[in-house]
1. Considering only segment 81-138, state which residues are of a type in the set (A, V, I, L, M, F, W, C), open to solvent by 50 Å² or more (accessible area, probe 1.4 Å) and farther than 21 Å from H251 by Cβ.
2. Identify the residue in segment 36-54 that is open to solvent by 70 Å² or more (accessible area, probe 1.4 Å) and under 21 Å from H269 (Cα atoms) and, among all such residues, is modelled with the highest pLDDT.
3. Of all residues in segment 232-283, which are of a type in the set (S, T, N, Q) and open to solvent by less than 40 Å² (accessible area, probe 1.4 Å)?
4. Can you tell me which of V245, V237 is part of a helix (DSSP H, G or I) and either at pLDDT below 90 or farther than 30 Å from S112 by Cβ (or both)?
5. Tally up the residues in segment 160-191 that are in contact with a helix residue (DSSP H, G or I) (Cβ under 7 Å, 6 or more places away or on another chain) and assigned to a helix (DSSP H, G or I), please.
6. Hey, can you tell me all the residues within segment 56-66 that are open to solvent by 50 Å² or more (accessible area, probe 1.4 Å) and either touching a Cys at 6+ places or on another chain (Cβ under 9 Å) or more than 10 Å from Q270 (Cα to Cα) (or both)?
7. Checking Q69 against (1) closer than 19 Å to I235 by Cα; (2) under 26 Å from the mean Cα position of the chain (by Cα), only one condition comes out false. Which one?
Amino acid sequence: MSFTVSNNSAAASSNYYLGKNQDLLQTSIKRLASGKKIIRPSDDPGSLSVAMKLNASISRLTGARNNVQNGTSFLEVQDGVLDGVGKIVTRMSELKGLGSQDPMKSSQDIESYNLEFRDLQRQLYDMSQMTFNGVSIFANESSPATGSTESICKNDGTSNTVSIHTSTQGAVGSKISLHKAALLAALTIKDDLTAQDASSVFSDREGLAVGGTAGVFSFAAVESTETWDLDEVSIGVFQQALENVAYLRAHVGGQMSRLHFAADTLSVHQTNIRAALGRIEDV
């Protein structure tokens, strides 16, 4: 009598485990290739949900960092213009000494200095109208300055404020308000803030500020007919204007410092969220 031993059961078992190991091997290869341990929703549905929300937070933080960097660029452009304004005012004060305080200068010499003096006034006005990507850099008011106070550097109106969102919460989250410097106001000086003889200098001249009155001097003339000559301006005007511009630059520097700290905070926050995300989904 002969006996036949069937290996069907053993073969089926071997095929089952071989297929299962093959699937596990393919899964491991996919995870190593992608660097993620969650390659399909069924691997860990709960962790996948958390990872998606963390990824969204990282994207929003990237947008907030870009906003802060753009705000820094805005302030850098503003400070660069203010630096140029300070140099122009310094040159104008030099022209004052050359053209009106030297008895050896002839009338033609003085007129030569006056030509440059008038051109610089127009240049100051042009600089006050500059824009950054279509957004005005300065608050274009020309009310007379009242000294080195905060009133000459910002206006609380929404048109003179640029808001930078610094969180993932959008409008309801934290933000930094950048105030546009009121350059025209800083360059428009009342006579009582100039040298003691200013009242006699301005007594018969209409001010150039919007709604201005006699006794007001503006460096930033709009039209050639509104420019001033050297003998009509006291040296105290230049001193006050330069102090105002210096104050504006200090204010811009303070806002720039705040943006730098905000950018650092966002970078640290983003780094920590990336680390948390990696613990969830990285192999």
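1. So the first thing to find is which residues in segment 81-138 are of a type in the set (A, V, I, L, M, F, W, C), and the list is 81-82, 85, 88-89, 92, 95, 98, 104, 110, 115, 117, 120, 124, 127, 130, 132, 135, 137-138.
Among the residues that remain, those that are also open to solvent by 50 Å² or more (accessible area, probe 1.4 Å) are: 98, 104, 110, 115, 130, 132, 135.
Residues satisfying the conditions are L98, M104, I110, L115.
2. Looking at residues that are open to solvent by 70 Å² or more (accessible area, probe 1.4 Å) and under 21 Å from H269 (Cα atoms), I get K53.
3. The answer is S234, Q240, N244, Q255, S267, Q270.
4. When all the criteria are applied, what remains is V237.
5. The initial filter retains those residues of segment 160-191 that are in contact with a helix residue (DSSP H, G or I) (Cβ under 7 Å, 6 or more places away or on another chain), namely 162, 164-168, 176, 178-187, 189, 191.
Applying the additional criterion that residues be assigned to a helix (DSSP H, G or I) yields 183-186, 191.
Within segment 160-191, residues that are in contact with a helix residue (DSSP H, G or I) (Cβ under 7 Å, 6 or more places away or on another chain) and assigned to a helix (DSSP H, G or I) number 5.
6. N66
7. The one condition Q69 does not meet is (1).
The values are calculated or read from the model by the stated rules, or taken from the named source; none is laboratory data. Note that the structure is predicted; figures quoted are calculated from it, not measured. Heads up, the Cβs are rebuilt from the backbone with ideal geometry, glycines too, and the neighbour counts pull from every protein chain shown. Side chains are part of the model used for accessible areas, which takes the heavy atoms of the whole protein and leaves out ligands, DNA and RNA. Shrake-Rupley method; radii C 1.70, N 1.55, O 1.52, S 1.80 Å.
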